[in-house]
Amino acid sequence: MIALVPLTYLILLIWLKLSFKKIELLELLASTNLILLGLAGLVPFLLREYAGIGYKYSIFEIMAVALALITYELVAKRKLIFFRADSSIQENTELKLGDELNADMSSSLGGKLALSVRGGRHNLISLAKKLSAPVIFLMIFGVILISRGFYLPIRGWDAISLYDARARMFLSGLSLGELKTLSQYDDFNYYYYLSYPPMTSVIHTTLYSTGFSGVMWVYALFYMSFIYYLYLLLKKLEINRLLKISLFAAVAFNPLIIGQMNIAYTNLPMMAFQTGSLYYLIKYIWDRNNKFLIISAMLLSFANWTRNLEPIFIGFVLATLYAVFTYKKLHILKKMILSIVYTAISLLTRTVWTYYLRNSVGSIGDTTPSFNILISRLADSLYLGNLVGIVFFIFTALTPILLYILLMGIGLVWRNLHSKRRHSLIETALVIVFITMVALMLGGTLYFSTTFTWWDKIGGSFLRSNMLIIPLAVIYVAFVMEK
Amino acid sequence: MRIKIDKKQLEKIIPIGLPIIFLGANLFNVILVLRSLPVLLELGILRKLFVGTSKFLLPIGDVLYFFMAVKLAENWNKGKFFKILLVFVAIIGFCVLSLSFYFNYLEAANYPNFVFSQLHIYLPSLRFYASFQVLFLFVAFLSFLYYQFPRSKYLKIVSRGFFRGALILPLVIILYNNFLELPNIIYNETALYKKYISVSPEKRNKLPDLGDYYYKIAFVRSNTEENSVVIHPTQSVAFPDIGNQPLNRYSLFPRKLVTGKLENKFFSENKNYNETIYYIVAKGVDKDSVIYFPEHLIKAEEISVLYKDGQIKNFSNVEYSLEFVKNLGDFEIGVLTSK
């Protein structure tokens, strides 16, 4: 069963390569990681809860989705030649998956994987030609991180008592809705198992069901995707090479982010999905290829399935709407369709989770308030003493990332006051996400301050929830510094 | 009104002013780093005066030090004085950085607050001192390139104005801070390697960051049947881990768990319950008082008690009471099987 995981990975990798003809190796790996993990955290849950299919079939379900995607790419788009009548074309374009792919993938890195489809030969991975030193370094780094992940046990208090605990209970046959009955005689943690969406728990379940004894390597995959996207973004910018390396190191080797690889919390997966979403949003602005927008929405949807307490997705949706509606070459109808599709895909998982909670338990309390309650609590929080306390709390909690906020601040001042160049679309999109994050940070703290007595005791959690500021600030500064 | 500074007067001030800035800024930092040294503690009110003055003057000192580094690099060719002082800036910078790196490693290799408790060095101040040394060294280096080698390719990074320079400076400090964490990361990696890579998978899957809790809950698991009820202490300061039901459930599932506070509710709702009922016997501390669980009388079929040295004692057909549990001595955890 374990072998089905890499096999599914391979199918998704080929699907991505076929979908995007010009895709770099690191992007291919980063996106395959996230899509595989996202599907592993979503599909088995939906089928268990709504179709009653047990988690022992999880890997088959994901594989079925992967096969459906690749079939759609090859058959529905009529790329495979044996669906065409012209035999002369068939001669040149037979599918060589079986021979070259298997042989070369297992034998040498220097080989070339090839897939022949309509319109000519696609080099799946031309390793010998294209691999640069940084790519080799990042790949070796990734392999080391994954290898060490196989040896780590589950770590982190919430990871043990919540995320991995849910996985073990899912494996025993229970559904998430049934978990709340376990807390019947617990006065302190009644809705604990329903306090976060089940993304990482279901990923753990899927892997355990295939025979894996440890799952910490998954967090190395998330980290790899995160730094690969960062590298790819910085690589494309016209800035000094030394500066690129410095900016990359400032994010990739931040101790807060690196530390997340050793604990099975949801912050790193959330940030990896969001960074992936941001990467494809930027690619969409560059290339105006709608596929990028769909992938961006899908990754954002996975992020919403990982954590729902911080609605940072609002910033992404606003940035996308801005990017779509300011594109003059697009007809207004297409703009509207694109915006609706993006919003619908990215909100899909959040909606599913909201309705699931409503049907299972009604409400899990004050962490998901109604709009009226939210406004009323915000109004109650606006008095001087509370505001001073909130500013002090935010400042103290965010101290480890204050320099990144300073970077963003200087970049914003420079672009707005000094630089003669107008804000580019990408810069504006990044600023929209940042401003939304800051607004949510302030609004959320104001709400918490009048709702929970322990609001000022969660500095560590608050910091982890705002980790996206680290890559966001650095990417923005990189764009600002571009020639 | 504009104040005119006479160049000749300025040249006279520089040989005195710059060494004062150099010594002053370093002195303020050193006082703050060594503020808890026994020698300084003995000074009493004078120590408070030194520390207070240092805190007050440190920001001004560091800002002046920053401009001094630029000035020294600019005047490198104008005499030995500038060369010597700039070399001192570099030496002090590298020394502080090395010491900061070393003490961070010591802290990581031992326990939090090790450096302060053993060597009386206040590490946050040393980190602050070191962060600014990175800034000074960086500014001195770039100024040196700018004034002495104006065509250097490295200047292209910062050659486009104030804001670009202003962006580079926090970036350099971020990189230094990341670098400073390197000892922690290396130490943690070494510890993880020793702890997990060379051991069997079964041992590897123990809960590494919950201390003795794993051994307690493993004892409870091995002494209770799967199809049973386990009543555990209510989550509180005295019982932060063994009172946490979700944490206990991770190891005890599928046993049914009941928190001590809801024990009566459970019994009133399950009057004909036939499965075995266990109690976790635990001892916790809240402020200065020792708290035991359970606190009421129970007729026990058996009580198994685990001691800190690994010894296990069994008691059969006893009446559990507070007196009984107090006489158990320094035990780790116990499991009571009720009749």
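Only one of (1) open to solvent by 30 Å² or more (accessible area, probe 1.4 Å); (2) of a type in the set (S, T, N, Q); (3) away from every other protein chain (no Cβ under 12 Å) is not met by A:T206, so which one is it?
(1)
If you scan the stretch B:316-336, which residues turn out to be open to solvent by 20 Å² or more (accessible area, probe 1.4 Å) and either modelled with pLDDT of 95 or more or of a type in the set (S, T, Y) (or both)?
B:S316, B:S321
For the stretch A:395-427, give me each residue that is surrounded by 14 or more Cβ atoms within 10 Å (Cβ to Cβ), within 22 Å of A:A250 (Cβ to Cβ) and more than 12 Å from chain B (Cβ to nearest Cβ).
Scanning the stretch A:395-427 gives A:A397, A:L398, A:S424, A:I426, A:E427.
Can you name the residue in the stretch B:242-299 that is within 37 Å of the chain's Cα centre (by Cα) and acidic (D, E) and is also modelled with the highest pLDDT among such residues?
Looking at residues that are within 37 Å of the chain's Cα centre (by Cα) and acidic (D, E), I get B:E295.
Out of A:L127, A:L152, I need the residue that is under 29 Å from A:I11 (Cα atoms), within 10 Å of chain B (Cβ to nearest Cβ) and at pLDDT below 90. Which one?
It is A:L152.
For B:V199, work out the one condition from (1) open to solvent by 50 Å² or more (accessible area, probe 1.4 Å); (2) at pLDDT below 75; (3) over 21 Å from A:I239 (Cβ atoms) it doesn't fulfil.
B:V199 satisfies all of (1) open to solvent by 50 Å² or more (accessible area, probe 1.4 Å); (2) at pLDDT below 75; (3) over 21 Å from A:I239 (Cβ atoms) except (1).
Give the stretch B:144-175 a look and list any residue that's modelled with pLDDT of 85 or more and more than 24 Å from A:V413 (Cα to Cα), or say none.
The answer is B:F144, and nothing else.
Applying the selection to the stretch A:188-239, what residues are in contact (Cβ under 8 Å) with a residue 24 or more places away in the chain and of a type in the set (S, T, N, Q)?
A:S195, A:T200, A:S201, A:T205, A:T206, A:S209, A:T210, A:S225
Looking at this structure, is A:I239 among the aliphatic types (A, V, I, L, M), more than 10 Å from chain B (Cβ to nearest Cβ) and open to solvent by 10 Å² or more (accessible area, probe 1.4 Å)?
So A:I239 does not fit the description; no.
Among the strands (runs of 3 or more DSSP E) confined wholly to the stretch B:225-339, which include 1 or more residues that are among the polar types (S, T, N, Q) and either in contact (Cβ under 8 Å) with a residue 24 or more places away in the chain or within 13 Å of another protein chain (Cβ to nearest Cβ) (or both)?
B:256-259, B:298-307, B:331-338
Criterion first (part of a loop (DSSP other than H, G, I, E, B) and β-branched (V, I, T)) does A:I203 satisfy it?
no
The values are calculated or read from the model by the stated rules, or taken from the named source; none is laboratory data. Nothing here was measured: the structure is a model prediction, and the numbers come from that model. So basically every Cβ, Gly included, is an ideal-geometry build from the backbone, and we count neighbours across all protein chains shown. Accessible surface areas use protein heavy atoms only, side chains included; no ligands, DNA or RNA. Shrake-Rupley method; radii C 1.70, N 1.55, O 1.52, S 1.80 Å.
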